[in-house]
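To start, the structure under review is shown below, and the notes come after it.
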Amino acid sequence: MRVLGLESSCDETAASVIDWDAARARARVLSDVVHTQAALHARFGGVVPELASRDHLQRALPVVDEALSSAGVTLAGLDGIAVTRGPGLVGALLVGVQLARGLALGAGKPLVGVNHLEGHLLAALLSENAPQLPFLGLVVSGGHTSLYDVRALGDVRPLGHTLDDAAGEAFDKAAKLLGLPYPGGAHIDRLAKGGDASAHAFPRGLARRARTQLDFSFSGLKTALLVHVQAHGVPEGQALADLCASYQEAICDALTSRAVRAAGQLRASRMVLCGGVAANSRLRALAQERCTRAGLELFLPAPKLCTDNGAMIAVAGAHRLARGVSETHLLADPGWRL
Ligand code: KG4
Ligand code: ZN
């Protein structure tokens, strides 16, 4: 079945048409259009919700048009529409949801609302080397850091969340403090490659909690960096690289140690790493190293599938559309927890 997926929860306006094979739970991406607002928000050092909504409003229709035309389908040729319903910025979500409702009503197509995090988790099914279900999923993005037990399509159970900042936020806030451009994760990644990760001993959040707990915390780490910079100023050259590498190591260590612990508790055999921060080179390497040691098969979707896109929303909606679900009176739900 052909499904149009629409994403507008944060700072990407994205649309994609996929061909979903319900029997195999596999999809082929027919088109994948992403307009990013990164440049729009860069000078503010973070996403400005009002600007995001306005830009979505301007971009949504052209992005959908392009997704349909490059897939070679018309609205009439679709079997359903899936749209991100939450979590996210309310004004941004409203644009996508209202557009999807209009398109579905006008073309007489079924519509389903998708949880953005379920989208990130199921993006892995779009990989050539897609994992079988069940799998343990670690979503690490600018807004979320959560562990899930993905048992089956539509059966996703939360295991742990960040209690404060998301991992991406920890990267972005550190980058801002160090005078690097927004979004800063990729800049810290790049600088850290030439640095010594053991140069500074940064704290691992919740280290003293019970060994069974699966939550995360990055606010102490962020404060430790702030205190360091207040005392010594922003370093340059090798010292900056060392600082970036040590800070990045604290995040990657916390993420991978919790994820491997969760896999042990669940007796999981597969792990999927997804969300924008899954593009981080050290996180990918450390996750691979620790999964191999623990006998876990690790799936690392391509970076394009890790950042916000419409195809992941289409996949997460397709399995419900295939079961005949249709939600005509869909409402945005900015605080929707998975
Ligand atoms: O999933 P995503 O595109 O958007 C959200 O839903 O949040 O994730 C964006 C986040 C940003 O915080 C960005 O700094 C981070 O992903 N990011 C990285 C890297 N590339 C993107 N963080 C660390 N290392 C990277 N290479
Ligand atoms: Zn996202």
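The values are calculated or read from the model by the stated rules, or taken from the named source; none is laboratory data. Just so it is clear, the model here is predicted, and its values are computed rather than measured. Backbone-built Cβ (ideal geometry, glycine too); neighbour counts: all protein chains shown. Surface accessibility is based on the protein's heavy atoms, side chains included, excluding ligands, DNA and RNA. Shrake-Rupley method; radii C 1.70, N 1.55, O 1.52, S 1.80 Å.
May I ask you to say which residue of Gly86, Gly137 is within 16 Å of ligand 2 (Cβ to nearest atom), out of contact with any strand residue (DSSP E or B) (no Cβ under 6 Å at 6 or more places or on another chain) and open to solvent by less than 10 Å² (accessible area, probe 1.4 Å)?
After ruling out the rest, the residue left standing is Gly86.
Report those strands (runs of 3 or more DSSP E) wholly inside the range 131-197 carrying at least 3 residues which are within 15 Å of the chain's Cα centre (by Cα) and touching a residue at least 12 places away in the same chain (Cβ under 8 Å).
In the range 131-197, 135-140, 145-152 are the strands (runs of 3 or more DSSP E) which contain 3 or more residues that are within 15 Å of the chain's Cα centre (by Cα) and touching a residue at least 12 places away in the same chain (Cβ under 8 Å).
Does the range 142-159 hold any residues that are within 15 Å of ligand 2 (Cβ to nearest atom) and either out of contact with any strand residue (DSSP E or B) (no Cβ under 8 Å at 6 or more places or on another chain) or open to solvent by 20 Å² or more (accessible area, probe 1.4 Å) (or both), and which are they?
Gly142, Gly143, His144
Within the range 134-153, track down each residue that is in contact with a Lys or Arg (Cβ under 7 Å, 6 or more places away or on another chain) and more than 16 Å from Arg261 (Cα to Cα).
Pro134, Arg151
Conditions: (1) open to solvent by less than 30 Å² (accessible area, probe 1.4 Å); (2) in a helix (DSSP H, G or I). Val260 meets all but one. Number of the miss?
(1)
In the range 108-146, which residue that is over 20 Å from Gly5 (Cβ atoms) and in contact with a His (Cβ under 8 Å, 6 or more places away or on another chain) is farthest from ligand 1 (Cβ to nearest atom)?
Ser146
From the list Gly195, Gly205, pick out the single residue that is modelled with pLDDT under 95 and open to solvent by less than 40 Å² (accessible area, probe 1.4 Å).
After applying the criteria, what remains is Gly205.
Is there any pair linking a residue in the range 39-59 that is acidic (Asp, Glu) to one that is open to solvent by 20 Å² or more (accessible area, probe 1.4 Å) and modelled with pLDDT under 95, with Cβ under 7 Å and at least six apart or on different chains, and which?
Once the first residue is acidic (Asp, Glu) and sits in the range 39-59, its partners that are open to solvent by 20 Å² or more (accessible area, probe 1.4 Å) and modelled with pLDDT under 95 give Asp55/Leu40.
State which residue is nearest to Leu111 (Cα to Cα) when the search covers only the range 12-32 and only residues that are within 16 Å of ligand 1 (Cβ to nearest atom) and open to solvent by 20 Å² or more (accessible area, probe 1.4 Å).
Asp32
Among the residues in the range 40-51, are any open to solvent by less than 30 Å² (accessible area, probe 1.4 Å) and away from ligand 1 (no atom under 16 Å from the Cβ)?
No, the range 40-51 contains no residue that is open to solvent by less than 30 Å² (accessible area, probe 1.4 Å) and away from ligand 1 (no atom under 16 Å from the Cβ).
Given Asp196, Asp149, which one is of a type outside the set (A, V, I, L, M, F, W, C) and more than 29 Å from Leu266 (Cβ to Cβ)?
Matching residue, one of Asp196, Asp149: Asp196.
Only one of these conditions is not met by Glu249: (1) outside any helix (DSSP H, G or I); (2) within 16 Å of ligand 1 (Cβ to nearest atom). Which number is it?
Of (1) outside any helix (DSSP H, G or I); (2) within 16 Å of ligand 1 (Cβ to nearest atom), only one is false for Glu249: (1).
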